[in-house]
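The values are calculated or read from the model by the stated rules, or taken from the named source; none is laboratory data. Since we're looking at a predicted model, the values are computed, not measured. Ideal geometry is used to build each Cβ from the backbone, glycine not excepted, and the neighbour counts take in all protein chains shown. The accessibility values were calculated without ligands, DNA or RNA, using every heavy atom of the protein model including side chains. Shrake-Rupley method; radii C 1.70, N 1.55, O 1.52, S 1.80 Å.
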Amino acid sequence: MDAVFKSIDVRDLLSASDIDDPSSPLSAPDLRLLIHRLDAHSHHIKSKVQSYILSHHTHFADLLSLSSSTFSDSLSLSSNLHSLLSLLSHDDDHRQILSTLKEIQSGVSELEATKKKASIVRVIVRLSGNLGGVKELMRNGDFVEAAKGVRDLKMALRIGDVDEERENEEVVVYGLLRKQWLLCFEEIQDLLVKFMSNVVSFDPQLGGIRVVYRSSVGDAHGVELRTVLEAMDVLGILDYGLAKTADLFIKHAIAPAVNFKSPVSFLEESSGSQEESSGTILKIISSLELKAEDMDCNALFTRMTKVVKFIYHNVCLENGPWMRCFGKLTWPRMSELIISNFLSKVVPDDASKLADFQKVMNSSSEFETVLKDIMFISESDKNDERLSNFADNVEVHFAVRKKTEMLANARQLILKCDFTVPEDVCLSSPRVALEFYHAARDALLLYEAIIPIKLERQRDSINQAAVLMHNDCLYLSQEILGLAFEYRPDFPSFIKEHAIFVDIAPRLQLLGEDILQQHIQVTISNLKEAVDGADGFQNTHQMPQYESVKFSLERVIFIIEKVRILWEPVLLPSTYKRCMCMSLESVFLRITQDILLLDDIAAEESLQLQRLIQLLLESLAPLLEALSTIQNDKNSDQSFSRPLEADIPSLGKIRKLAELLDMPLKSITEAWEFGDLYGCGFILTEVVDFIKALFTDSPLRKDCLARIYRINF
């Protein structure tokens, strides 16, 4: 059929060569020929189509029959749908159908809920039964299977995997099961730990650590050590279960083994095989006489190896992972004991002996190799090679020790002021004398560089370290100035041209003054912190606030008395007075400023402020009187008496402020006009603000303020 309906090319039906040429149009005969041939071709197509239909008559009949049947079914379905819609159009029937559908839906939901509850109940019953089975296994002594059951129940109950919010949404019985599981876990854990305490213990009568391979715990009898270790491994509590055992070996075996003051040796004794109810004991034998070989590194590591191998064979039962766990619990403390009691003490004190330390390095490395072979320490983790790491850094430890010795010697030389080096210079050859001269200068420079830094923390608090350093600097500077005059005539001629100490003296004087000033600032800072507790001296007419301010002032008095006790015995009188006056000035100035900044002072409040100032001044009166008797300069005229206010300017101001708090307005105005207040350090704005805070607005106040404004010093 495809060939019949293929496209027809008109060119094939004509005799003309080119029908597209416009210069040669088709003639009438050509057109008649074309019509004839098209008509013949049409009859040919019709004949072909008729022949095809006749040959496929059966197929076309089946197709028409199927179409007719489908059309009939469609009409029937349409009729049924129409009937159904007509039926649903009645309200009563519609409500009945909806009610039936809801009942069906509710029944299905209830059935699904019942199935779900039944499933949950089956799970709960199974888990509860498993918990009971675990307890039964524990009573029978089958701790390994009991541990596996606890582990499986942990996964089933999702212990540790459920957050608090999700746990609240779960069935309540799951929470109860988790609590039961926790109780079961704690019970088996306690039993296993108790068993370890029974099978590995220190026996004072036998004088050693005893290990038995079978024991009884609770209702279980004849439980093997291996069974308990396997159970702890399954539960993941091996480190917890072996912790007390590790402490036992550290205390009774390892620590005594590295104590060279009371050396011990070890002897292993066995009373039977592991299959029997027997055990092994590691006897600890004390040596009354200290032998030379006991101080040797080989003897030490031999003893330690015997202890570790005893643990490997008799406690961990030659199980590598168990031994690794025991090593993690023991090795950090064990290595620290070996380093502090042995390795650090055999570090050479002379550079020529560093090569002799190679024996210790080799022994340390061999000992750690033994520990790796039995998995006591990790074979790949370099951090576990604690002994080798320490031994390999012997040069660093040697340098630290020498540095400590050098600083100690220099400190003793400086603190004792033992200036014997210049004497040695006088009695030595020029070359040796020059070395001694440099040693003397280096000792002084060492003090200048190290001592302030070493005592820096002490200088940050109120103590005597700072004033003693100040005195030391002054003393050394004075001694340095006298060195040239004392020894220079006896110096060799070569040294006279190079021996110079005078340049160090000013540096030490400046250092001493800087230390003292820093100490004064620390004291002032503490005093200001105490005054901060007064909260600006506000509302002192209220009893709680009055007591708070009073406590702050008492703290100020305590600090001043403390520094007096520290300073007065050790500082020069003039220096002591200067330091104390600077500290008192900071306190008086701060208190005066805080009170003058108050913007409203009640009548009762002014009396309380006056009482507080008087309390402070009365408590400091003996100190102020003692300071007034100290001369600022020992060369000054003794008949000249300098008032203390010249060194503490705020002293007169705070005294005058106490008077102003109880003084009438007119008297305050006259005191300003006569210059009394200005002489005590008050300025115009302070007086004006004080009057506005103390007195209410009135014609008298306006008049007095106008008088004050007219006089500006």
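Test of understanding: extend the Cα→C-beta vector of residue 611 to 7 Å, then name every residue of the stretch 519-544 with backbone N under 12 Å from that spot. Answer for this model: 540-544. Near the amide H of residue 201, within less than 5 Å, lie the amide hydrogens of 210, all on another chain or at least 5 residues away, with H placed in the peptide plane. In the stretch 583-713, the C-alpha radius of gyration followed by the widest Cα-Cα span (Dmax) gives 16.6, 57 angstrom.
Using R₀ = 56 Å, calculate the FRET efficiency as 1/(1 + (r/R₀)^6) where r is the Cβ-Cβ separation of residue 109 and residue 216; round to 0.05. Walk me through the numbers before you get to the answer.
Values: r = 57 Å, r/R0 = 1.01.
About 0.50, to the nearest 0.05.
Considering the stretch 586-633 at the alpha-carbon level, its Rg and Dmax are found to be 14.2, 46 Å.
Remark: for residue pairs 309/382; 328/372; 328/359; 244/382, the C-alpha separation exceeds 18 Å in 309/382; 328/359; 244/382. For residue 151 and residue 542, the FRET efficiency from 1/(1 + (r/R0)^6), where r spans their Cβ atoms and R0 equals 56 Å, is about 0.25. What FRET efficiency comes out for residue 345 versus residue 373 if R0 is 25 angstrom and r is the Cβ-Cβ distance? Round to the nearest 0.05. Given R0 = 25 Å and the Cβ-Cβ separation, E is 0.35.
Of 666, 577, 102, the order by accessible heavy-atom surface (1.4 Å probe, DNA, RNA and ligands excluded), from most exposed downward, is 102, 666, 577. Label sites at residue 697 and residue 461, each approximated as a point 7 angstrom past Cα along Cα to Cβ, lie 5.4 nm apart.
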